[in-house]
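Report on the structure given below.
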């Protein structure tokens, strides 16, 4: 266990670096073992069973942190119940020019315009092959190259490339940093994409003995009628779940301090309200059975609990760690256990949806 004063010192040191350099330094620290495993036992009441997977707790590391699958096991040892590598594209690509990620300390938010920078399928596959015998749930977030002539083909290639290695797949069509990518959320394009992806999944996993779950990650900026179309297509194509949501292109509620008007997707605390409203509306449209992962602005046990009561089965975070460090993982999980005690509940599923109607009726 890292003494709190050392953890705080390390966090302050990282915050003295520019945001992308700090990110890379954190990856290197995890690879080197400088961030030791946390000695905690998961509360069995926090376990979540979805599909053929049992998540030891509901808290996952969101995609974007470990784009190239360098540290999935180190992240799991920090206390995450699962982690998600990617977004990964078929061919390596550098992403957008630096600087491309900006902290907003006054708002506890982050703006990024990375643009799917990653080392490509082959590099990720090599790393995942090397950990094949390791336990732990590792999802693969697949994307399309910026210059792809056929973006649907890129997603299909991602499914095919990792079908024997992924615990689950996330189809990411919601990044604002690849021009035109969010157009795939339009109903006709989405129908074609989902048909192709599910067909590829079924073909690729026919001999594996399991159908790797496929989830769709959506933006928080879609209009209500578009959200209805998305959910209807997800249900019609038998997609296994939703992730709500990616970053927002909106800038509502920011203090205006810092680089608030930089181009890119906004995450962290300012995203919480918008993403939670979207989550609740998606839950009402989808009904009780579709698994949904709630993402956006989770920075405490209270906000994690709110996501669950607004309709989330699982949770993901990333940006809050920039400001609060890895100790936040234990803080959230301990807090969720305390919430179950407080309400006399035996599982998180019993708390899910308690505030769906209230959140769905809010205005972003």
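All of the numbers you see were taken from the coordinates with simple rules; none came from a lab. Computed from a predicted model, the values in this text were never measured in an experiment. For neighbour counting, all protein chains shown are included, and Cβ atoms are generated from backbone atoms with ideal geometry for every residue, glycine included.
Going by how many other beta carbons lie within 10 Å of each one, how would you line up 323, 65, fewest first?
323, 65
Which length gain, in nm to one decimal place, applies between residue 16 and residue 34 when the Cα-Cα distance is subtracted from 0.36 nm times their residue separation?
Gain in length upon complete extension: 4.6 nm.
Rounded to the nearest 500, what is the chain's calculated 222 nm mean residue ellipticity when only DSSP H runs of at least 4 contribute -39500 (n - 2.57) each, over all residues?
-11500 deg cm²/dmol
State, to one decimal in nm, how far the label point of residue 132 lies from the label point of residue 147, with both points 7 Å from Cα in the Cβ direction.
Roughly 3.3 nm, to one decimal.
Sort 204, 135 so the one with the fewest other Cβ atoms within 10 Å of its own Cβ comes first.
Going from sparsest to densest Cβ surroundings: 135, 204.
What's the extension gain from residue 261 to residue 205 if we count 0.36 nm per residue and subtract their Cα-Cα distance?
Going from the current span to full extension adds 15.7 nm.
Quick one: divide the alpha-carbon radius of gyration of the range 293-364 by 2.2 N^0.38 Å and tell me what you get.
Normalised by 2.2 N^0.38 Å, the Cα Rg of the range 293-364 equals 1.10.
Could you give the length gained by full extension between residue 54 and residue 189, i.e. 0.36 nm per residue of separation minus their alpha carbon distance, to one decimal place?
Taking residue 54 through residue 189 to full extension adds about 45.3 nm, to one decimal.
What are the semi-axes of the equivalent ellipsoid for the range 200-283, taken as the square roots of 5 times the Cα gyration tensor eigenvalues, largest first, in whole Å?
After scaling each eigenvalue by five and taking roots: 32, 15, 10 Å.
Once you have a ≥ b ≥ c as the square roots of the Cα gyration tensor eigenvalues for the chain, tell me rounded if a/c is under 1.5, and otherwise prolate or oblate according to whether a/b is larger than b/c.
Cα axes put the chain in the rounded bin.
Which semi-axis lengths, in whole Å and largest first, follow from the square roots of five times the eigenvalues of the Cα gyration tensor of the range 259-339?
Computed over the range 259-339, the values are 21, 19, 8 Å.
Rank these for me by crowding, 305, 51, 359, going from fewest to most other beta carbons within 10 Å.
51, 359, 305
Which whole number of Å³ per residue matches the convex hull of the alpha-carbon atoms in the range 215-364?
So the per-residue hull volume is 113 Å³.
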